[in-house]
Amino acid sequence: MNRFLGTRPLRLLAALVPLLLFVQPSGVDARTKHVVAWTKNAQTQSDRPMRPEPPPQVTMNAWTVGLAGGLIEGAPIRLAAEIARVIDDGDNLHVLPVVTRGATENVNSLLYLRGIDAAIINSDVLDEYKGQVPDIQRRLAYVLNLFPSELHVFVRPEIQSLNDLVGKKVNFNTQGTAAAYSGPLIFSRLGLDVEKTFIPHQVALEQMRKGEMAAVVFITSKPVDAFVRGRWEPGFKFLPVPYDSKLEDYYLPAALDATDYPGLIKQGERVATVAVPTALVAYNWATNTNRFERVARFVDALFSRIDKLQAPGFDPKWKSINLAATVPGLGRFPAAQVWLDARSRAARASQ
């Protein structure tokens, strides 16, 4: 990365500087230490008539938080952008949403990519890291359970049960999507050995109509537009997926019904399924570090302004978010727990 600032206009400087001080999760690097040292030095010079203005690389980086979103066409990056829109506060808090390879790969970004303090992930991706990073559940902590991404197993008329899919072609969308990671993992846990394909779902759905594909697996929050607007011949349907001990470590019970898909599910009927929690997580920085303080400020701003995200003009998923909801397999980020405890005490005191 070019670190030479030169004499270019300040507008260009302002665009480039936030990228210059990104640090690795292994600790606070020399540049961040410079930020802290400069601030402390300025404080000790309070007896001077005039205090020097901090250089831009100090003010712009002191409270910058890198937030890994996901693929540019996906819901996570949109939610990350909306978070930044609401809580970004100039030099007091600078939130940078980052387009990445997808929510399922954002754990890598959080562990190894410089400058990333928080990320939106699918909780079951942690299963992949058990062998690679044995202490993964101590290195990450959740801030917020954003929303569930329901498993949709959509099949042709001749398919009557999950077992009927064994040996047949099932599409799990393109690599990098939630379906491409979580779908095969769930099928494996359920003992379903299918012929997996990873092509765009719109292509796979057309193959289903022609009888060339037995099923497609979507993992996203309901309702899915392809099933709401699409016209399907009688017999095309969603299969129920049982929630049992094989899935309870990372997944939650869920259901699809007629309010979600009136053209595919009859009134009064429910199709049992499971959901993958989509969570906002943070690197579990030590509490005495600058990076912890940044995330703590980020958490306080987000929780304090959650009502703004639930107002018209933002993704409707925000309206169903419960700040106290847990995420299977992870502990809560300490600053988030402190905020919730304080709110609980305030509520009791006002009664």
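Annotation note: GluC sites (Glu not before Pro) in the stretch 113-161 located in DSSP loop regions with a Cβ neighbour count of at most 16 within 10 Å are GLU158. From the alpha carbon centroid of the stretch 256-280 to that of the stretch 295-343 is 25 Å.
Taking label points 7 Å from Cα along the Cα-to-Cβ direction, ASP91 and ARG114 give a separation of 2.4 nm.
Eigenvalues of the alpha-carbon gyration tensor of the stretch 239-351, scaled by 5 and square-rooted, set the equivalent ellipsoid semi-axes at 33, 19, 14 angstrom, largest first.
Ligands, DNA and RNA excluded, the heavy atoms of SER344 present near 50 Å² of accessible surface to a 1.4 Å solvent probe.
Taking every DSSP helix (H) stretch of at least 4 residues in the chain, weighting each as -39,500 (n - 2.57) and dividing the sum by the residue count yields a mean residue ellipticity at 222 nm of -9000 deg cm²/dmol.
Per-residue extension of 0.36 nm, minus the Cα-Cα distance of ASP225 and ASN322, leaves a gain of 32.4 nm for this segment. Taken over the C-alpha atoms, the stretch 176-304 has Rg and Dmax values of 19.0, 61 angstrom. For the chain, the Stokes-Einstein estimate of translational diffusion at 37 °C and a viscosity of 0.692 mPa s comes to 147 µm²/s, using the Kirkwood hydrodynamic radius over alpha-carbon pairs.
In terms of accessible area, using a 1.4 Å probe and ignoring ligands and nucleic acids, VAL338, VAL133 rank largest first as VAL338, VAL133. Solvent exposure of the chain, expressed per residue, is 49 Å² of accessible area, with all protein chains present and a 1.4 angstrom probe. Using a Gaussian network model of the chain in which every pair of alpha carbons under 10 angstrom is joined by a spring, one finds that among ASN163, ASN106, ASN290 the greatest mean-square fluctuation is at ASN163. Counting only the backbone N, which residues of the stretch 165-194 are under 16 Å from the spot 7 Å out from the Cα of GLU158 toward its beta-carbon? In the stretch 165-194, the label zone of GLU158 (backbone N under 16 Å from the point 7 Å along Cα→Cβ) covers 165-170. A crude spin-label estimate for the pair GLN175 and GLU269, with each label 7 Å from Cα along the Cβ direction, gives 3.8 nm.
Among ALA255, ALA336, ALA275, the residue with the largest mean-square fluctuation in a Gaussian network model of the chain, with springs joining Cα atoms closer than 10 Å, is ALA255.
For the stretch 157-238, what value does the Rg/Rh ratio take when both radii are computed over Cα atoms and Rh is the Kirkwood radius, given to two decimals? Rg/Rh: 0.93. Relative to its residue count, the stretch 61-184 spans a Cα convex hull of 134 Å³ per residue. Between VAL203 and ARG139, the simple label model (points 7 Å from Cα in the Cβ direction) yields a spacing of 3.4 nm. In the chain, the portion of solvent-accessible area held by carbon and sulfur atoms comes to 52 percent [1.4 Å probe, whole percent, DNA, RNA and ligands not counted]. Students often get this wrong: which residues of the stretch 159-203 have the backbone nitrogen under 17 Å from the point 7 angstrom along Cα-to-C-beta of GLU212? What the label zone holds, given the 17 Å backbone N cut-off, is 168-174, 195-203. Once the chain from LYS168 to GLU53 is taken as fully extended at 0.36 nm per residue, the excess over their C-alpha distance is 34.7 nm. One decimal place: the segment ALA258-GLU128 gains 43.3 nm when fully extended, by the rule 0.36 nm per residue minus the C-alpha distance. With the cut-off at under 13 Å, measuring from each backbone N in the stretch 275-318 to a point 7 Å along the Cα-to-Cβ line of ALA81 picks out 314-315.
What residue among LYS308, LYS266, LYS169 shows peak mean-square fluctuation when the chain is described by a Gaussian network model with Cα springs under 10 Å? Result for the chain, Cα springs under 10 Å: LYS266 fluctuates most. Report the FRET efficiency, 1/(1 + (r/R0)^6), for ALA346 and THR287, where r is their Cβ-Cβ distance and R0 is 35 Å, rounded to 0.05. Taking R0 as 35 Å, the efficiency between ALA346 and THR287 is 0.95.
The values are calculated or read from the model by the stated rules, or taken from the named source; none is laboratory data. Given the structure is predicted, the values throughout are model-derived calculations rather than measurements. Glycine also receives a Cβ, built like all others from the backbone with ideal geometry; neighbour counts cover every protein chain displayed. Ligands, DNA and RNA are excluded from the accessible area calculation, which covers all protein heavy atoms including side chains. Shrake-Rupley method; radii C 1.70, N 1.55, O 1.52, S 1.80 Å.
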